[in-house]
Every structure is written in C-alpha cells, then in structure tokens.
1. Hey, among Ile149, Ile195, which residue is touching a helix residue (DSSP H, G or I) at 6+ places or on another chain (Cβ under 9 Å), away from ligand 1 (no atom under 15 Å from the Cβ) and within 17 Å of Gly11 (Cα to Cα)?
2. Out of all the residues in region 22-41, is one or more crowded, with 19+ Cβ neighbours inside 10 Å, of a type in the set (Ser, Thr, Tyr) and within 12 Å of ligand 2 (Cβ to nearest atom)?
3. Within region 92-106, track down each residue that is of a type outside the set (Ser, Thr, Tyr), surrounded by 15 or more Cβ atoms within 10 Å (Cβ to Cβ) and either touching a residue at least 40 places away in the same chain (Cβ under 8 Å) or within 16 Å of ligand 2 (Cβ to nearest atom) (or both).
4. Regarding Leu235, is this residue closer than 27 Å to Ser128 by Cβ, open to solvent by 10 Å² or more (accessible area, probe 1.4 Å) and in a helix (DSSP H, G or I)?
5. Only one of (1) crowded, with 22+ Cβ neighbours inside 10 Å; (2) over 24 Å from Val207 (Cβ atoms) fails for Leu80. Which number is that?
6. Among the residues that make up region 9-19, is at least one of them touching a helix residue (DSSP H, G or I) at 6+ places or on another chain (Cβ under 8 Å), part of a loop (DSSP other than H, G, I, E, B) and away from ligand 1 (no atom under 16 Å from the Cβ)?
7. Inside region 81-91, can you point out the residues that are away from ligand 1 (no atom under 16 Å from the Cβ), part of a helix (DSSP H, G or I) and touching a residue at least 40 places away in the same chain (Cβ under 8 Å)?
8. Could you name every one of the strands (runs of 3 or more DSSP E) located completely within region 113-204 that has at least 3 residues being more than 30 Å from Arg96 (Cβ to Cβ) and open to solvent by 30 Å² or more (accessible area, probe 1.4 Å)?
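The values are calculated or read from the model by the stated rules, or taken from the named source; none is laboratory data. Since we're looking at a predicted model, the values are computed, not measured. Reconstructed Cβ throughout: ideal geometry from the backbone, glycine too, with neighbour counts over all protein chains shown. With ligands, DNA and RNA removed, areas are computed over all heavy atoms of the protein, side chains included. Shrake-Rupley method; radii C 1.70, N 1.55, O 1.52, S 1.80 Å.
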Amino acid sequence: MNSIAVYSSKGGVGKTAAAVNLSYACSLKGKKTLLCDMDPQGAAGFYYRVKPKSNFNRKKFLKGNLRSFIRETDYPNLDLLPTHFSFRNLDLALDREGSGELKRIFAGLADDYDYLILDCPPNMTLLSENLIMAADTVVTPVVPSTLSILALAQLVKFFDKIKADRKKLHAFFSMVERRKKMHMDTIMRFGKKKIFLQTLVPYLADVEKMGITRQPVAATRPESPAAEAYDRLWLEIWKSQIRK
Ligand SMILES: Nc1ncnc2c1ncn2[C@@H]1O[C@H](COP(=O)(O)OP(=O)(O)OP(=O)(O)O)[C@@H](O)[C@H]1O
Ligand SMILES: [Mg+2]
C-alpha cells in the first residue's frame with residue numbers, strides 16, 4: 001500500500017478538494033483506494049456523503065481496528081474512513097515518545113488497499129508529524145502568494161526537524177487565478193523549483209460546486225478543466241513515486 005498525505009499547516013488552501021479528487025482519480029485507474037478523513041471538520045466525508053458509524057471514535061481508531069469502521073462510497077474501488085468529532089483531540093492521545101503511531105495503525109490495512117490518501121487538518125502538531133511519518137508521499141497545496149511560500153519554507157524546516165525525508169515532499173500551486181499578477185509572479189519565480197509539481201490547479205467554480213453536488217468533479221463533469229487538472233496532478237504524483 002502506498003500512502004499519500006495531503007497536508008498544509010495553512011487552512012483553506014485546497015487540501016480537502018485535492019484529497020477528494022485525487023482519491024477519485026486514483027480509483028478510476030482501477031486502484032483500490034482508501035480516503036482517510038483525519039480532519040474532525042469532516043469535509044471529505046461530507047463530499048462523499050459518508051458518515052461515521054455511531055460507535056466510532058478516537059479510542060477505536062487508536063486501537064487500530066479500522067476495518068469495521070471503513071465505509072464504501074458510491075464509487076467502485078473507493079472506500080472512506082470517516083473522521084469523528086473526538087479526532088479534534090487526537091493529538092493529545094498520541095504517543096509522546098515517537099511519531100510512528102499512525103504508521104503502525106495504517107500498516108494494518110496494507111493488504112486491503114493499493115493507495116491510502118490522507119486528508120489532513122491544518123496545523124503543525126504531533127498529529128501532523130505522525131501523518132507526515134506515515135506517508136510515503138506528502139503533497140502540499142500552495143496558493144501562489146508570498147505568505148504561502150513562507151509556509152512552504154517552514155514546512156521544509158519542519159521536515160528537517162522531525163527527520164522526515166524531504167524527497168517525499170511535493171508542492172503544487174492551488175486555487176490559481178491567472179488574472180492575478182501576484183499569482184503569476186509567484187509561479188514564475190518559484191514554479192521551477194524541484195519541490196513543485198508542474199500541474200497548476202486553477203480556481204474554478206466546479207470545485208466550489210462540490211459543496212452542492214457532493215461528488216468529485218470528475219464524477220459530475222468528467223471533461224471539465226477542474227477534472228483534468230486533478231487527473232494530471234494524480235498522474236504527476238504517481239510518476240514521482242515510480243521514479244523513487
Ligand atoms: N481549485 C479551487 N477552485 C475553487 N474553489 C476551491 C478550489 N479548491 C478549493 N476550493 C474551495 O475553497 C474552500 C477551501 O477548500 P478546501 O476545503 O479544499 O481547503 P482545505 O485546505 O482542506 O481547508 P481546511 O484547512 O479548512 O481543511 C472550499 O470552499 C473549496 O470549495
Ligand atoms: Mg480540509
């Protein structure tokens with residue numbers, strides 16, 4: 001099983017939109033995919049119309065018996081592990097002595113799925129550290145602005161601090177608005193750096209509309225620029241993994 005964390009310390013940068021659409025793109029390629037909603041806001045579960053079972057909570061998650069709490073989505077090859085409100089304190093319940101606890105928990109699913117995609121909450125805590133350590137690849141959306149580039153530099157430092165392999169970190173520009181000079185300038189200046197994938201995810205109404213359709217964009221508008229962007233992003237991530 002290959003695991004991909006969609007992570008940023010910044011809120012509202014397109015993590016969940018990417019996790020939802022990348023997991024769908026992955027499932028369309030015939031890969032058995034599990035999307036794991038690690039954010040107690042539960043947006044990924046909302047988009048896929050999946051709720052947690054009533055007896056699910058943080059304690060059960062940490063015990064590692066995830067199979068009975070995984071739900072099917074409306075799509076073949078794609079399951080979802082919903083979040084729970086009690087995940088807001090997941091951080092406090094993690095083992096302080098190391099950052100490998102989540103990796104061990106997810107390892108229990110290794111034979112069930114080809115890909116595990118983690119929708120991470122926006123912060124930089126012990127939970128983030130665990131999620132980064134559990135992932136083979138970390139994908140971070142960057143809205144093209146000065147502060148987001150600063151946040152990316154902080155993330156690289158965070159990787160060094162927790163001794164995570166920097167080579168598994170990939171950034172992509174998210175919510176790109178071509179008419180904004182700041183966006184285009186930032187992409188021109190930083191887009192060629194090795195850390196950046198080349199796919200730009202534009203700011204598109206079809207992505208916003210997922211809140212109404214509650215489906216991935218490629219399910220409602222398969223030929224749309226939004227669906228194409230996430231498909232391209234998926235291929236790029238997939239290729240970056242093959243090169244390793
Ligand atoms: N490419 C896009 N084009 C237009 N709107 C987008 C795009 N990506 C995300 N959005 C919208 O921006 C908002 C934030 O996106 P999203 O929830 O994916 O961000 P997030 O990083 O997961 O946020 P949080 O940190 O709160 O979890 C949502 O309303 C979403 O519909
Ligand atoms: Mg989110």
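1. Working: Ile195 fails: within 17 Å of Gly11 (Cα to Cα).
Checking each option against the conditions leaves just Ile149.
2. Checking region 22-41: not a single residue is crowded, with 19+ Cβ neighbours inside 10 Å, of a type in the set (Ser, Thr, Tyr) and within 12 Å of ligand 2 (Cβ to nearest atom).
3. Ile105, Phe106
4. On the way: closer than 27 Å to Ser128 by Cβ: yes; open to solvent by 10 Å² or more (accessible area, probe 1.4 Å): yes; in a helix (DSSP H, G or I): yes.
So Leu235 fits the description; yes.
5. Evaluating Leu80 over (1) crowded, with 22+ Cβ neighbours inside 10 Å; (2) over 24 Å from Val207 (Cβ atoms) leaves (2) as the failure.
6. No - not one qualifying residue is present in region 9-19.
7. Listed by number, the list holds a single entry, Ser86.
8. Details: elements: 115-119, 137-142, 169-176, 196-202.
Fully inside region 113-204 and qualifying: 196-202.
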